[in-house]
Amino acid sequence: MTDDSGHSGFHYSEQDVQREVTELEGKSATAARIFDLRRIIGGLFVLYGIIVTITGITDSQAEIDKAQGININLWTGIGMLLLGVFFVVWLWLRPTPPPVPPVEGEKEAA
Amino acid sequence: MLNYRVQNPTDAPVSPTHLATDLTTDLTRDLAAGLRLPTNGLDYTILAIYFVVVLGIGFAARRSVKTTLDFFLSGRSLPAWITGLAFISANLAATEILGMAANSAQYGAYTVHWYWIGAIPAMVFLGLVMMPFYYGSKVRSVPEMLLLRFDRAAHLLSAILFAFAAILIAGVNLYALAIVVEALLGWPQWVAIVVAGAFVLAYITLGGLSSAIYNEVLQFFVILAALIPLSVLGLKKVGGWDGLVDKLTATHGRNFTTAWGGTGIGSANPLGANWLTIVVGLGFVLSFGYWTTNFAEVQRALSAKNLSAAQRTPLIAAYPKIFIVFLVMIPGLVAAALVPGIGRPGSDLQYNDAIPYLMSQLLPNGVLGIAVTGLLAAFMAGMAANVSSFNTVFTTDIWAKYVVRGREDGYYVRFGRLITAIGVCASIGTAFLASSFSNIMSYLQTLFSFFNVPMFVVFIVGMFWKRASAKSGFWGLLAGTVTAMVNYFVLYKKGIIGIPTDQGANFVSAIAGFVAGAVVMVIVSLFTAPKPEAELAGLVYGTRSPGMAEAPAAGDDAWYRRPALLGWGAVILAALCYVPFSF
């Protein structure tokens, strides 16, 4: 966001934006440091899946009757568990790419 | 009971999307009784886990924030599946979920128009046609694009209006959350407002846009885990889809379960709109205005890691969007079938209560906790999307360009965090304001929904007509906004022209604003000097930005990643979805 003094601001051209943003992209830390979201989704849904599945296994007839005769906790729990496992497996098969050194021009290929 | 959406039984959501134009409240009603959910410790445990994870994401994302580009645009480095799901999630706020279910309970299958014609074409257009300009020119916000194509007047006007609208809508989201939480869980309104506001404040101040986006993706899956069981059980309860259609045909007539039945010009239908205003007003003007120029959406695509990923962001979002309509429409229709008098005078239940009602009737503890978590997450994500776009526009477009210019980058990161805090406090303020002036708030929101439309006309004319002069942007924006407002607040509200419903009036106002904006732009352009050709590279259709020559990243040439294929696939799929609802 360094605005060169050469530009009065009354004339702010596309080149200015390109230059500024390109410069910031060079210094940006997100690509190198951000954690992989798949780990969080996988972890949370495995945990939720286990909790809800166990609830389904231990549900009484009253709960099942409320849900139109379907053991909805069991099915939802299994579904969430599968989603969580999917993300964990995806992460395992395609691990987070190692951070690329922030060399200008290389970053785009990351 | 819950009455945050409608002012009277014939009203409906105004915008093509959640924009929350429709949240009003009648505080005289007793919100506490009736819908209270039988939550227990298990449900609260599930909710607590979610809140912990949300904060954890904020703290973990903090270390990735080094520059303003990291804080406001995630360093333009996120993969397409994340930005795509965040794109859909920013739209899938709780006001959208509850509002569209309400829409379905009131109007029936007409709801599909808000998705298949009122979203998909615009999302595909954004991805295929507009994204090369947005992403390729490296702008950081939608107003900044106007600065490059037009001038400072257009830039400042759009930035200020957007900043106001974002805070207002964030506040209304917060207020809607408070009354839903009060009704469902029994928490006092101020507790819900302050708790939700504090969480959003914490995770955006810490991690910036990355944490907003990550939480939106998480919310997407939690809300699916809530709505799918609810829809399945709802359908089971009414005897499947056939049983649902039979019941509704008997009580509401045949058109209730069709998309186009009764929309001939001149024939009456509850929506108060005909096929022409649906296609032009909703499908073209309102929807393109929202999806292609609303920065809260576009920002998600701008944070993608390269042009291909940016283009695919709205296209990846389009596929879930096609099917999400079933998850909000089915609960609405089921509620209408189970409680035929819903929303009518004499009924305890408002249209808005459709989903909470089914939750309380059908979900046992466990899934109920997931559903409550999903709703709260959706409210917070809706607010966070507005806050994270507000802080970007306020910092890059207003503060750094007009107030304190030329400071080092670190200063603007600190300022971004500060303005996030101020923005959240302001939305907490508007939330409390909404509770005492709900009608004014609803009018203000309608006003801002009109602002998207002139913004779109200015974009589209500026993008396809290189003769459009620098000055025409500001005047087109102003003329379009004023015309849409005059049409709505004077001609329609004062009864000078006869349109049966607010919804129909909105479609007409949008069309009027679009036409007026375009006409004024043409006239102003003819009398003022065009922008030099050299300054239009990459901003006008048929030209390219200097930096656009980047080679595709490895793997992006795979056939399933080709934007054209993804985009046209979504359009064809949406058109096919209409088939079973059209006869």
Give me the inter-chain shielding for A:62-70: mean count of other chain Cβ atoms within 10 Å, whole number please.
5
Rh_Kirkwood(region B:106-249) over Cα pairs, Å, one decimal, evaluates to 19.6 Å
Given A:63-69, B:237-243, the highest-first ranking by average Cβ count within 10 Å works out to A:63-69, B:237-243
222 nm mean residue ellipticity, helices alone, for chain B (DSSP H n ≥ 4; -39,500 (n - 2.57); rounded to 500):
-21000 deg cm²/dmol
Which three numbers, in whole Å and largest first, are the semi-axes of the equivalent ellipsoid of region A:10-91 derived from its Cα gyration tensor as √(5λ)?
49, 16, 8
Compute the distance in nm between two label points, each set 7 Å from the Cα along the Cα-to-Cβ direction, one at residue A:94 and one at residue B:436.
5.3 nm
Projected area averaged over all directions for the convex hull of the alpha carbon atoms of the protein assembly as shown, nm², comes out at 27.8 nm²
In vacuo Debye scattering of region B:248-329, one point per C-alpha: log10 I(q)/I(0) at q = 0.16 Å⁻¹?
-0.81
Suppose each label sits 7 Å from its Cα in the direction of the beta carbon; what would the residue B:51-residue B:348 distance come out to in nanometres?
2.9 nm
Kindly provide log₁₀ I(q)/I(0) values, in the same order as q = 0.18 Å⁻¹, from the Debye equation applied to equal alpha-carbon scatterers of region B:320-403.
-0.88
Neighbour-count ranking for B:39, B:277 (other C-beta within 10 angstrom, fewest to most) reads B:39, B:277
Nitroxide proxy distance, nm - points 7 Å out along Cα→Cβ at residue A:39 and residue B:581:
4.1 nm
Please list the radius of gyration and Dmax for region B:33-179, considering alpha-carbon atoms only, with Å as the unit.
19.5, 57
Mean separation of Cα contacts under 8 Å (at least 6 apart) over the residue count of chain B, i.e. the relative contact order in percent, is 29 percent
In 5 Å bins starting at 0, how do the alpha-carbon pair distances of region B:243-294 split up by percent?
5, 20, 20, 17, 14, 13, 8, 4, 1
Can you give me the orientation-averaged projected area of the convex hull built on the Cα atoms of chain B, in nm²?
24.7 nm²
Hey, with R₀ at 35 Å, roughly what FRET efficiency would residue B:408 and residue B:543 work out to, going by the Cβ-Cβ distance, to 0.05?
0.60
Geometric extent, Cα atoms of region B:212-256 - Rg, Dmax (angstrom)
15.6, 45
Would you mind ranking A:21, A:85 by Cβ crowding within 10 Å, fewest neighbours first?
A:85, A:21
Take peptide B:60-66, look around each residue's Cβ out to 10 angstrom, count Cβ atoms belonging to other protein chains, and average those counts.
5
Taking B:455, B:485 and counting other C-beta atoms within 10 Å, the order from fewest to most:
B:485, B:455
What length, rounded to one decimal in nm, is gained on full extension from residue B:535 through to residue B:280, with 0.36 nm per residue of separation minus their alpha-carbon distance?
88.5 nm
Strictly over 22 Å apart at the Cα level, which of B:471/B:494; B:471/B:493; B:321/B:493; B:66/B:305 would you flag in this model?
B:471/B:494; B:471/B:493; B:321/B:493
Per-peptide average of other Cβ atoms within 10 Å, ordering B:194-203, B:114-123, B:244-253, B:401-410 highest first:
B:114-123, B:194-203, B:244-253, B:401-410
Inter-chain shielding metric for B:73-86, i.e. average beta-carbon neighbours from other chains within 10 angstrom, reads 4
Value in Å of the Kirkwood radius, where region B:373-442 supplies the Cα pairs that are averaged:
13.6 Å
Sorted peptide list for B:101-107, B:385-391, B:59-65, criterion being average Cβ within 10 angstrom, highest first
B:385-391, B:101-107, B:59-65
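Any read-out appearing in this document is the output of simple, stated calculations on the displayed coordinates, not a laboratory observation. Computed from a predicted model, the values in this text were never measured in an experiment. So basically every Cβ, Gly included, is an ideal-geometry build from the backbone, and we count neighbours across all protein chains shown.
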